[in-house]
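Engineer: Let me begin by handing over the structure; questions about it come next.
The values are calculated or read from the model by the stated rules, or taken from the named source; none is laboratory data. These numbers come from a predicted model, not from an experiment. Neighbour counts run over all protein chains shown; Cβ positions are idealised from the backbone, glycine included. Just so you know, the surface numbers come from the protein's heavy atoms only, side chains and all, with ligands and any DNA or RNA stripped out. Shrake-Rupley method; radii C 1.70, N 1.55, O 1.52, S 1.80 Å.
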Amino acid sequence: MTETALPRVRAEIDLAALRANVRTLRAHAPGAAFMAVVKADGYGHGMVPCARAALDAGADWVGTATPEEALALRAAGVGGRLMCWLWTPGSPWREAVEADIDVSVSRVEALAEVVAAARAVGRTARVQLKADTGLGRNGCMPEDWPELVGESLRAEADGLVKVTGLWSHFACADEPGHPSVAGQLRTFREMVGHAEGAGLDPEVRHIANSPATLTLPETHFDLVRPGIAMYGVSPSPEIGTPEDFGLRPVMTVAAALAHVKRAPAGHGVSYGHLYTTAGETTLGLVPAGYGDGIPRHASGAGPVLVGGKWRTVAGRIAMDQFVVDLGGDEPEVGAEAVLFGPGDRGEPTAEDWARAAGTIAYEIVTRIGARVPRVYVNERPGTGD
């Protein structure tokens, strides 16, 4: 490969765009603290660089799903308030307490593990209690809430924990007008009211995810937790596009054509010959496939920009490669094929791929695999802003 040649495939991550998105989202919730959610390797964008960029742009907290993610951030030198919420029995509670990570608790059994860890290390654990207000996943049910609150108060009295937060998560905030939103908000207020009435004094109360941050100011409370919106992807086409909210997609995925060749009419393309050339044409080989996270469900439908024109995946997407029909055009081998990006150069977006694959844009960016190198641009604050 020459110095000017493109790599096989790459994901360019524009950290100036991420910083700008953080500032824009903060403006949507000016009275609330901001938690930058970087779970799942920063939704595929790279957890550590994105956490640092978000903090540079004014984020107050960083949030992860798994304790391994949170501990990796600490190991990388990311300081400040850090919360992690997806715990299982036997998780590294002790390491989390030592690393000053806020741990989420939904069950008295989990609280007991945190208490044991705090006692073992001789340090007060920072705990946030999660309420199930109607999502039906993790979180304490309303009928079990008094017991969890009571046990937390006893642990606080012993100096073993400090309840720093009360929180929950919406099920349908991305569906405008959905009745569950008002119901969950009412239940959250009631459960927070019970906890505070019993004597808890948390630093933050929070329930707002990306769509709630953007469209439901009554849900902002003390802190908002944008995830996908921070990366410039709309949480739902129904509530608006990234442009509608002043957000810019952060990731661009592009590849270098590995092969370009003429093919006659009636020539089968890729596995199963689901695509056959209608006439004499040119075929371009894009060296990326579902092994890189390109969704196989977008076979025959995924859009790609080559030579300034939209092309469509011809036939099945394979593990390492797929084909586009270039018509009569004959770009050079090595020419750029842009799968998705911000869209301002005419390229498809992650939302276009989501429609082609019958999924959501969250999955498109998050599933881009480790085999695809991340290339970070505008890493320093002030560059590209």
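Engineer: From a point 7 Å beyond the Cα of Met141 in the direction of its Cβ, which residues of region 93-115 have a backbone N at a distance under 20 Å?
Structural biologist: Only 105-112 pass the distance filter.
Engineer: Same structure, new question: Counting only protein heavy atoms, what percent of the accessible surface of the chain is carbon or sulfur at a 1.4 Å probe?
Structural biologist: Here it works out to 51 percent.
Engineer: Still on this structure, please answer the following. Tell me, what is the 1.4 Å probe accessible area of His194, in Å² to the nearest 10?
Structural biologist: Result for His194: roughly 80 Å² accessible.
Engineer: Same structure, new question: Report the extension gain between Thr124 and Leu153 in nm, rounded to one decimal, defined as 0.36 nm multiplied by the number of residues separating them, less their alpha carbon distance. Don't jump to the answer; show the numbers that get you there.
Structural biologist: On the way: separation 29, 0.36 × 29 = 10.44 nm, distance 1.32 nm.
Extra length available between Thr124 and Leu153 comes to 9.1 nm.
Engineer: As a test question: what accessible area, to the nearest 10 Å², does Asp244 have when a 1.4 Å probe is rolled over all protein chains in place?
Structural biologist: 110
Engineer: How much solvent-accessible surface does Ser106 expose, in Å² to the nearest 10, with a 1.4 Å probe and all protein chains in place?
Structural biologist: 10
Engineer: In the chain, how many lysine pairs have Cα atoms under 25 Å apart, counting only pairs 8 or more places apart or on different chains? Mind dumping the intermediate values first?
Structural biologist: Working: Lys39/Lys130; Lys39/Lys162; Lys130/Lys162; Lys261/Lys309.
Here the count comes out as 4.
Engineer: Let me ask something additional. To test your reading of the geometry: what angle, between 0 and 90 degrees and rounded to tens, separates the Cα axis of helix 47-56 from the longest principal axis of the chain?
Structural biologist: With both axes taken from Cα atoms, the answer is about 70 degrees.
Engineer: Using unit Cβ charges (K, R positive; D, E negative) and no other charged atoms, how large, in debye to the nearest 20, is the dipole of the chain about its Cα centre? Before the final figure, lay out each step's value.
Structural biologist: On the way: 35 positive and 47 negative charges, 104 e Å.
Using only the charged Cβ atoms, the result is roughly 500 debye.
Engineer: If we count trypsin sites (Lys or Arg not before Pro) as exposed when they sit in a DSSP loop and have at most 10 other beta carbons within 10 Å, what is the longest stretch of the chain that avoids them all? Spell out each step's value before the answer.
Structural biologist: Values: sites that count: Arg137, Arg345.
No qualifying site falls inside 138-344, the longest such stretch.
Engineer: Moving to a separate point now. Cut-off 14 Å, label point 7 angstrom out along Cα-to-Cβ of Glu203: give me the residues of region 34-72 whose amide nitrogen falls inside.
Structural biologist: 34-36, 60-63
Engineer: Here is a further query. Counting only protein chains, not ligands or nucleic acids, how are Tyr231, Tyr271, Tyr290 ordered by accessible area (probe 1.4 Å), most first?
Structural biologist: Putting Tyr231, Tyr271, Tyr290 in descending order of accessible area: Tyr271, Tyr290, Tyr231.
Engineer: Roughly what angle does helix 15-28 make with the longest principal axis of the chain, taking Cα atoms, 0 to 90 degrees, to the nearest 10?
Structural biologist: 50
Engineer: Just to be sure I understand: if I project the alpha-carbon convex hull of the chain onto a plane and average over all orientations, what area do I get in nm²?
Structural biologist: Values: hull surface 81.9 nm².
Its average projected convex-hull area is 20.5 nm².
Engineer: In Å², what does the accessible area per residue of region 121-231 work out to with a 1.4 Å probe? Let's see the in-between values first.
Structural biologist: Working: 4220 Å² over 111 residues.
For region 121-231, the per-residue accessible area is 38 Å².
Engineer: Taking 0.36 nm per intervening residue step and subtracting the Cα-Cα distance, what contour gain separates Glu196 from Ala301 on full extension? Can you show the working numbers first?
Structural biologist: Values: separation 105, 0.36 × 105 = 37.80 nm, distance 5.27 nm.
Roughly 32.5 nm would be gained on extension.
Engineer: Now a separate question. Run through region 1-104 and list the GluC sites (Glu not before Pro) located in a DSSP loop whose Cβ has at most 13 other Cβ atoms within 10 Å.
Structural biologist: Numbers: sites: Glu3, Glu12, Glu68, Glu69, Glu95, Glu98; in loops: Glu3.
Filter output for region 1-104: Glu3.
Engineer: Also, quick follow-up: Do any GluC sites (Glu not before Pro) in region 345-380 lie in a loop, going by DSSP, with at most 15 other beta-carbon atoms within 10 Å of their beta carbon, and if so which? Kindly include the intermediate steps, with their values, before the conclusion.
Structural biologist: Details: sites: Glu351, Glu363, Glu379; in loops: Glu379.
Those that pass, being in a loop and sparsely packed, are Glu379.
Engineer: If Thr124, Thr282 are ordered by their accessible area, calculated over protein heavy atoms with a 1.4 Å probe, which sequence runs from highest to lowest? Could the numbers behind the result be given before it?
Structural biologist: On the way: Thr124 65, Thr282 0 Å².
Correct descending sequence by accessible area is Thr124, Thr282.
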